[in-house]
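Written below as structure tokens is the structure these notes are about.
The values are calculated or read from the model by the stated rules, or taken from the named source; none is laboratory data. The structure presented is a predicted model; accordingly, all values stated were derived computationally and were not measured. A quick note on method: Cβ atoms are made from the backbone with ideal geometry, for glycine too, and the neighbour counts reach across all protein chains shown.
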Amino acid sequence: MLKQSLSQKMLQKLSPQQIQLMKLLQIPTANLEQRIKEELEANPALDEGGEMDEFSSLDADGEGSFADEAPGEAEGDDYREDKYELDDYLNEYMEDDPTSYRLRADNHTSDEEDKAVPIPVESSFHEYLEQQLGMLELNDERQEAIALQVIGSIDDDGYLRREPSAILDDLMFSQNIFTSEEEILAILKKIQRFDPPGVGARGLQECLLIQLESKAELDDEEDFLDFGERENLDLAIAIIKHSFEEFTKKHYDKLVRKLDISEDDLKDAIDEIIRLNPKPASGYSGSGNRSTQYVVPDFIVFNRDGELELSLNSRNAPDLRVNEQYRDMLRAYKRNTQGRR
């Protein structure tokens with residue numbers, strides 16, 4: 001049986017503005033700028049910009065900020081009674097001066113002035129390789145173009161995964177350079193001596209072998225390894241060169257029997273191998289292959305004369321204002337509404 005009744009309930013509802021504000025407060029500072037740009041594209045009533053024109057706030061009827069003066073102010077005064085302070089003058093006319101020439105109110109520069117963190121300009125990994133081209137003994141500009149093509153074919157891990165035949169075709173069709181796979185491989189061998197060690201390898205085995213042989217050549221020149229360390233290095237080279245499959249499958253018993261070595265010798269050689277870098281390009285700090293991730297603080301703490309001051313970091317948020325056409329439409333709507341009353 002249907003029955004009507006009255007009941008009291010307390011409900012908490014959020015307005016659309018409150019919901020939007022809560023969503024904005026959850027956005028990190030690093031993503032806030034992108035969110036504002038998306039809103040600018042979607043909302044035609046918003047414009048990006050700071051200071052508005054001096055007369056943009058005046059109505060079509062001449063009403064504006066001057067018509068809303070507080071009671072008691074004399075109308076028709078030839079001048080306003082607001083006076084410039086010296087600090088206002090300095091702040092207005094010294095905006096373009098270098099920071100080092102500005103003075104504080106007590107006529108001295110601050111020892112704890114805010115300083116921006118400089119962002120270093122770093123070259124990409126491929127640019128770093130190209131800078132080493134001068135080390136190569138190339139015959140002419142043609143071989144230099146081949147070397148540049150090979151460097152450009154090296155991936156973000158430092159490997160050359162393209163076949164020499166594909167590089168040959170690219171040189172022929174894009175640059176009209178005729179060469180051979182043998183010449184490309186000869187230039188590649190020279191590039192493989194670049195820093196970081198192991199760059200330009202065509203696989204993991206070659207990458208590890210290049211690094212080990214590079215260390216052995218350096219020891220031949222400078223003799224910085226003792227007898228035991230050099231033996232471990234030579235054994236590691238032998239394992240990678242002749243027993244790579246057994247090494248990758250961890251068939252250590254087979255390695256001991258095949259190389260006629262002890263388990264301790266094998267352990268020392270493996271320790272030498274695992275210190276190598278399987279991805280040479282990843283160890284280069286200025287690789288530039290992937291976008292650099294910056295930590296953007298949501299709040300900034302300042303030390304003001306011994307007192308800590310917390311400030312919201314809004315440097316990445318552009319200034320916003322209501323579009324002037326929509327502002328005029330709103331004013332016209334308000335005048336029409338008041339006229340009907």
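Among the residues of segment 249-274, the ones that are in a loop (DSSP other than H, G, I, E, B), of a type outside the set (K, R) and either surrounded by 14 or more Cβ atoms within 10 Å (Cβ to Cβ) or under 43 Å from the mean Cα position of the chain (by Cα) (or both) come to 2 in all. When residues in segment 122-139 are screened for being more than 16 Å from L188 (Cα to Cα) and either part of a loop (DSSP other than H, G, I, E, B) or among the charged types (D, E, K, R) (or both), 4 of them pass. Only residues that are outside any helix (DSSP H, G or I), among the β-branched types (V, I, T) and touching a Ser or Thr at 6+ places or on another chain (Cβ under 7 Å) were counted across segment 140-159, and they come to 0. Cβ separations smaller than 6 Å between residues 6+ apart or across chains give the following pairs from segment 228-239 residues that are touching a residue at least 40 places away in the same chain (Cβ under 8 Å) to residues that are assigned to a helix (DSSP H, G or I) and of a type in the set (D, E, K, R): N232/D268; N232/E272.
Let me confirm something: among I237, I261, which residue is out of contact with any Pro (no Cβ under 6 Å at 6 or more places or on another chain), of a type in the set (A, V, I, L, M) and under 21 Å from G200 (Cα atoms)? When all the criteria are applied, what remains is I237. Cβ-Cβ distances below 6 Å connect the following pairs, each with a first residue in segment 160-182 that is closer than 22 Å to H126 by Cα and surrounded by 15 or more Cβ atoms within 10 Å (Cβ to Cβ), a second residue that is modelled with pLDDT under 90 and among the hydrophobic types (A, V, I, L, M, F, W, C), and a separation of six or more residues or different chains: L171/I177. Against the conditions (1) within 27 Å of L136 (Cα to Cα); (2) crowded, with 16+ Cβ neighbours inside 10 Å; (3) modelled with pLDDT under 90, E213 satisfies every one except (3). Would you confirm whether or not segment 30-47 contains a residue that is modelled with pLDDT of 80 or more, under 22 Å from I300 (Cβ atoms) and among the aliphatic types (A, V, I, L, M)? Yes: one or more hits.
Would you mind finding the one in K190, K215 that is charged (D, E, K, R) and in contact (Cβ under 8 Å) with a residue 24 or more places away in the chain?
Among K190, K215, only K190 is charged (D, E, K, R) and in contact (Cβ under 8 Å) with a residue 24 or more places away in the chain.
Going by the conditions given, is G228 closer than 30 Å to D260 by Cα and under 35 Å from the mean Cα position of the chain (by Cα)? For G228, the condition - closer than 30 Å to D260 by Cα and under 35 Å from the mean Cα position of the chain (by Cα) - is not met. Residue count for segment 4-25 under the criterion of being within 30 Å of N313 (Cα to Cα) and part of a loop (DSSP other than H, G, I, E, B): the result is 2.
Out of the residues in segment 26-45 that are assigned to a helix (DSSP H, G or I) and more than 21 Å from V322 (Cα to Cα), which is nearest to the chain's Cα centre (by Cα)?
First, the residues of segment 26-45 that are assigned to a helix (DSSP H, G or I): 29-42.
Still in the list and also more than 21 Å from V322 (Cα to Cα): 29-31.
Values: T29: 15, A30: 11, N31: 13 Å.
This residue is A30.
Somewhere in segment 170-190, is a residue of a type in the set (V, I, T) and either in a loop (DSSP other than H, G, I, E, B) or touching a His at 6+ places or on another chain (Cβ under 7 Å) (or both)? Yes, because at least one residue in segment 170-190 is of a type in the set (V, I, T) and either in a loop (DSSP other than H, G, I, E, B) or touching a His at 6+ places or on another chain (Cβ under 7 Å) (or both).
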